[in-house]
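**Q** Take this structure first; my questions come after.
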Amino acid sequence: MSTLHTVNRSPWEHGALTGCLGRVRPGSAVLLIEDGVLGALAGSPAAARLAEAAAADVAIFALGPDIAARGIEPARLAECVEVVDYPGFVGLVCRFARTVTWS
């Protein structure tokens, strides 16, 4: 069963992203929202783990409005991260059989 995993906590303050990436399966996706988008910054340990997941057939997304709200330029994101807007978020929820929230 394909799953959309949403992570809303900073990887530097909470273990939600680590826990998520330890359980995510190929064919699923991770969507970083709220402070979770900080994990998408290129060069960070969290981004390296996201790249490993992407290489194992896990789609990685980050919510654009949350990136902008934190003053992050999209060019500073890891290459494996695809930015989505709110309609894209809704599309992901509809695309996957279930959604798991990590917070």
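**Q** Would you be able to tell me the number of residues in the range 65-83 that are in contact with a Leu (Cβ under 6 Å, 6 or more places away or on another chain) and among the β-branched types (Val, Ile, Thr)?
**A** The number of residues fulfilling the criteria is 0.
**Q** Keeping to the range 18-46, report how many residues are of a type in the set (A, V, I, L, M), assigned to a helix (DSSP H, G or I) and open to solvent by 10 Å² or more (accessible area, probe 1.4 Å).
**A** Filtering the range 18-46 down to residues of a type in the set (A, V, I, L, M) leaves 21, 24, 29-33, 37-38, 40-42, 46.
After this cut, where a residue has to be assigned to a helix (DSSP H, G or I) as well, the list is 21, 37-38, 40, 46.
Remaining after also requiring open to solvent by 10 Å² or more (accessible area, probe 1.4 Å): 21, 38, 46.
Count: 3.
**Q** Moving on to the next point. May I ask you to verify whether Ser44 is closer than 17 Å to Val84 by Cβ and at pLDDT below 95? Please lay out each step first, then the result.
**A** Numbers: closer than 17 Å to Val84 by Cβ: no; at pLDDT below 95: yes.
Taking the combined requirement at face value, the residue does not satisfy it.
**Q** What tally of residues in the range 52-90 results from selecting those that are more than 23 Å from Glu13 (Cβ to Cβ), of a type outside the set (Val, Ile, Thr) and not in a helix (DSSP H, G or I)?
**A** The total comes to 6.
**Q** Could you tell me which numbered condition Pro74 fails, if it satisfies all but one of (1) out of contact with any strand residue (DSSP E or B) (no Cβ under 8 Å at 6 or more places or on another chain); (2) at pLDDT below 95; (3) open to solvent by 70 Å² or more (accessible area, probe 1.4 Å)?
**A** (1)
**Q** If you take the residues in the range 1-17 that are assigned to a loop (DSSP other than H, G, I, E, B) and of a type outside the set (S, T, N, Q), which one is surrounded by the most Cβ atoms within 10 Å (Cβ to Cβ)?
**A** Pro11
**Q** Given the conditions (1) open to solvent by 50 Å² or more (accessible area, probe 1.4 Å); (2) without any contact (Cβ under 8 Å) to a residue 40 or more places away in the chain; (3) not in a helix (DSSP H, G or I), report the number of the one that Arg49 does not fulfil.
**A** (3)
**Q** Further, regarding this structure: Out of Ile72, Ile60, report the one residue that is free of Cβ contacts under 8 Å to residues at least 40 places away in the same chain and in contact with a Cys (Cβ under 9 Å, 6 or more places away or on another chain).
**A** Details: Ile72 fails: in contact with a Cys (Cβ under 9 Å, 6 or more places away or on another chain).
Testing whether each residue is free of Cβ contacts under 8 Å to residues at least 40 places away in the same chain and in contact with a Cys (Cβ under 9 Å, 6 or more places away or on another chain) leaves just Ile60.
**Q** Counting only residues that are in a helix (DSSP H, G or I) and not aliphatic (A, V, I, L, M), which one in the range 91-103 is least open to solvent (accessible area, probe 1.4 Å)?
**A** So in the range 91-103, the residues in a helix (DSSP H, G or I) come out as 91-95.
If we keep only those that are not aliphatic (A, V, I, L, M) as well, we get 91, 94-95.
On the way: Gly91: 38, Cys94: 107, Arg95: 148 Å².
Looking at the filtered set, the residue picked out is Gly91.
The values are calculated or read from the model by the stated rules, or taken from the named source; none is laboratory data. Since the model is a prediction, treat every value here as computed from it, not as a measurement. Cβ coordinates were reconstructed from backbone atoms using ideal geometry, including for glycine residues, and neighbour counts include every protein chain displayed. Surface accessibility is based on the protein's heavy atoms, side chains included, excluding ligands, DNA and RNA. Shrake-Rupley method; radii C 1.70, N 1.55, O 1.52, S 1.80 Å.
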